[in-house]
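Novice: First the structure, which I've put down as structure tokens, then a few questions once you've had a look.
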Amino acid sequence: METFGELLRRYRLAGGVSQETLAERARISAAAVGALERGARRAPYRDTVALIVEALDLSSAERTELEAAADRARGHQSRPALGHAATNNVPGQLTSFVGRDEETTEIEALLASHRLVTLTGSGGVGKTRVALEVARHLLLAGREDVWFVDLSSLSDGRFVAGAIASVIDVSLASVADPLRSLAAALKTRKLLLILDNCEHVIDGAAAAVAAILRSCPAVVVLTTSRERLAIEGEVVYRVPSLAVPTALRLFVDRATALESRLVFTEERIVMTTSICRQLEGMPLAIELAASRLPTLGFDALNKRLEDHLAIESHARDIPQRQRTMIATIAWSYDLLGSDERKLLRRLSIFRGGAAFDSVAEVCADETLAAGRILDLLSSLFDKSLVSMTILDDQDRYVMLESVRAFASTKLIEAAELTQMALAHASWLATVADRADQRNVELRPKQWLAEFGAELENARGALEWSLDTGTAENALLAGRIVGGLRGLWLMTDRRAECRRWSERAVARIDADRDPFVAARAMRAYIQSIHASTLVSMADRAIALFERVNDRRALIAIHSTIAREYSFRGAFDAAEDALARAFELADAERIGRSRGYVTLLQNRLEVRAIAGRIDEARRELQAIAELEDEIGEVWVPREFWEGCFAFAEGNALRSAEFLEVCVAKCRARSTSPGYILPHLAATRIVLGELDAGARAAREALELARFEEIELAWRSVLHVAAIAALSGKPHRAARLLGFVELSSDQRIHLPGLLEHATYGILVASLRAQLADDVVARLGAEGAHLDADQAIDEALAL
């Protein structure tokens, strides 16, 4: 008679379905399918069988045969007859087990080839529940003698042996040497021993397990602990947080168990997904949050997430240490030595983690020797309070945000926040100095690979240094934002760079510290719109001439040239370009990315002047350099699209811009500056749906990138609204647009000018001039965020 696995494989092959395809259709992992077919997992859940039947489209007879095989496999679990000794004490679970198919399969495979497996992970990650699920699988697969020992109630590691003996019901012949006595009692037994919650009695647990493994060849041990046992033969399996889809399933399952009539609409699913992400996929935190949903409701629960560590469970059967996430983390914190606690709370100053050398530089002082940092970090890693990750090929120590938030409170309580914040900002300013130099030497991708991991640290250091009142801290901020400006400029976060650099420039005395002021000024001018730069050009040029920063002067003169051309002052634009190229020749940057940027600006100036043939020659020069220096910042297709539009070919323009957007997506860069142009071409072509899609995405990106330029996409949405019979709302948005733009008519602006003409003509055909004026006056009071909201609502 065929086993379940044999039947499954026969039916799968008969249907011409691979394991991966079956896994995808049945919404289980490919590893789980393989384990079922091999017999490593002999008895699947009934729900899993139903999903497999549906995925393979089995007949009624085939379904009956497969379910019968599954039932036979489940019958292998030993059930003690009346009057016989029990063979396991694995507690039954009252809630469903969600996800973790891959994890349980991997752990079962480890137990098949190793005698000691330790499940580690942060508090609340679900180690105990995973261990119990593994035990249940093994029982269903025919394993006998599976014993679960909860050590959480012990206060002394010397009592571990007694606790094990009590659960398995063996006598300890020697009270004086309980470990040797326990090992002797189990010498001939064949069993799986699960020791749960070992971390607070780790030495006692390790001694007991070592004694059992040495003397009892048929005993296999599975332990759960926030810290490994660190004995010979141990294999460590780190239980990960839940992936978002699984976390979402867990939340919905637990919430609907408490309130069966709860309905998860699309909007609520989006909100719940956000909740699960904020809770970092931690099962305990998700279950605690879900337990409060019927009482608080979605909105209130979402608002309380800032305090999610304190959300308390009202379940009476949950241990006190797991009633809140704070209690769970505090349990681990209280088990640390004094130096471990000190390092953990000091580590909280890092946002996004840090490399070992950085941790040592910031956290060590006269009370915590640098030579001890590595050992202490290793200990915190072993105790699952920090983890190791690889970001941009860098090994970094990171903390779960819930652990970091807890440790931050401890840093404040220890009166160490100012000391650590200053050390952190000083370290980052040194990193920024090096980054500023490397900015000249490296291509953007290389530079980001070296420094990109420090974005969150930069935000934290800038926030602290600019919020404190000293001039010295303002200088730290200037060095950080000036040297690390590429963190924002290379990742389409110009608006954020502008906010940080503007605050730093305002705080730094340029007469006293011209070099730092110049660095911060450069970050500012590279992140502002060109029209703003003209008003401060003289100040910026004087500052960079004073510190002899020729590269910054090249950038300023080049950018000013564009702005002059926007205003129709083409002679002044050519003069500024000539100065920029003169400096570039002196600096010998003719084969660099900076030179490409300079060529692009000259291209734009000449195109705006209507000298398209000259602009095309500039584009050809850029293309030739691209082969040498790599991809340029603005794809060639963008300019071709602008040229085509200027020559009256909107369809060809749209085709070029679509290619340009696709290139940006392929490079994982933002298409935010292209999408408004694409929206305009689609509107001119009468393709309103396509125009609306491009404008909407541009608006959503504008919130995070160049919100001041949102008027372009708002303009396009207003035109679509007017053409779609919504003139009143379109007229309101027109008021915002007219106040936000200076109505320049230049090459990129040709697209906006075309849309503007369509909008105005449509409004005049539908509304009286005084109505348009009145509604426009209302719209002129909107700020950028409000205008974006109104446009997206359309």
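Novice: Quantify, in whole percent, the carbon and sulfur part of the accessible surface of the chain (1.4 Å probe; protein heavy atoms only).
Specialist: 50
Novice: Keeping to pairs on different chains or 8 or more places apart, tell me how many lysine pairs in the chain have Cα atoms under 25 Å apart.
Specialist: 7
Novice: Tyr595 accessible area, nearest 10 Å², 1.4 Å probe?
Specialist: We get 40 Å² for Tyr595.
Novice: If each of Ser378 and Arg10 carries a label point 7 Å out from its Cα toward its Cβ, how far apart are those two points in nm?
Specialist: For the pair Ser378/Arg10, the computed spacing is 5.5 nm.
Novice: Still on this structure, please answer the following. Please give the charge dipole size of the chain, origin at the Cα centre, charges +1 on K and R Cβ atoms and -1 on D and E Cβ atoms. Round to the nearest 20 debye.
Specialist: On the way: 96 positive and 112 negative charges, 293 e Å.
Approximately 1400 debye in magnitude.
Novice: Would you list the P(r) distribution for the chain, with all Cα-Cα distances sorted into 20 Å bins from 0 and each bin expressed as a whole %?
Specialist: P(r) for the chain, in whole percents per bin: 13, 35, 32, 17, 3, 0.
Novice: Full extension from Glu232 to Glu266: what is 0.36 nm times the residue separation minus their Cα-Cα distance, to one decimal in nm?
Specialist: Stretched out fully, the Glu232 to Glu266 stretch lengthens by 7.1 nm.
Novice: At a threshold of 8 angstrom on Cα-Cα distance, excluding pairs fewer than six apart, so keeping six or more, what relative contact order does the chain reach in percent?
Specialist: It comes to 6 percent, rounded to a whole number.
Novice: OK, next. Once you place label points 7 Å from the Cα toward the Cβ at Ser155 and Ala586, how far apart are they in nm?
Specialist: With each label placed 7 Å out from Cα toward Cβ, I get 7.9 nm.
Novice: Net charge within 15 Å of Ala415 by Cβ-Cβ distance, Lys/Arg positive one each and Asp/Glu negative one each, not counting Ala415 itself?
Specialist: Local net charge: +2.
Novice: Evaluate E = 1/(1 + (r/R0)^6) for Asp770 and Leu792, where r is the Cβ-Cβ distance and R0 equals 30 Å; express this FRET efficiency to the nearest 0.05.
Specialist: Working: r = 28 Å, r/R0 = 0.94.
For R0 = 30 Å, the calculated efficiency reads 0.60.
Novice: At what distance in nm do the modelled label points of Ala780 and Ser18 sit from each other, each positioned 7 Å from its Cα along Cα→Cβ?
Specialist: Result: 6.4 nm between the two label points.
Novice: Still on this model: For Arg667 and Glu545, compute 0.36 nm times the residue count separating them, minus their Cα-Cα distance, and round to one decimal in nm.
Specialist: Extra length from Arg667 to Glu545 when fully extended: 40.3 nm.
Novice: Once you compute Rg and the Kirkwood Rh from C-alpha atoms, what is the Rg to Rh ratio for the stretch 332-390?
Specialist: 0.91
Novice: If you don't mind, there's one more thing I want to ask. Can you give the extra length, in nm with one decimal, that the chain gains between Lys190 and Val244 once fully stretched, where that is 0.36 nm per residue apart less the Cα-Cα distance?
Specialist: Details: separation 54, 0.36 × 54 = 19.44 nm, distance 3.92 nm.
Between Lys190 and Val244, full extension yields 15.5 nm more.
Novice: From the C-alpha coordinates alone, can you work out the Kirkwood hydrodynamic radius of the stretch 594-681, in Å?
Specialist: 13.2
Novice: On a C-alpha basis, how far is the centre of the stretch 225-273 from the centre of the stretch 605-676 in Å? Whole number, if you could?
Specialist: Centre-to-centre (Cα) distance: 46 Å.
The values are calculated or read from the model by the stated rules, or taken from the named source; none is laboratory data. As the structure is a prediction and not an experimental result, all values here were calculated from the model. Backbone-built Cβ (ideal geometry, glycine too); neighbour counts: all protein chains shown. With ligands, DNA and RNA removed, areas are computed over all heavy atoms of the protein, side chains included. Shrake-Rupley method; radii C 1.70, N 1.55, O 1.52, S 1.80 Å.
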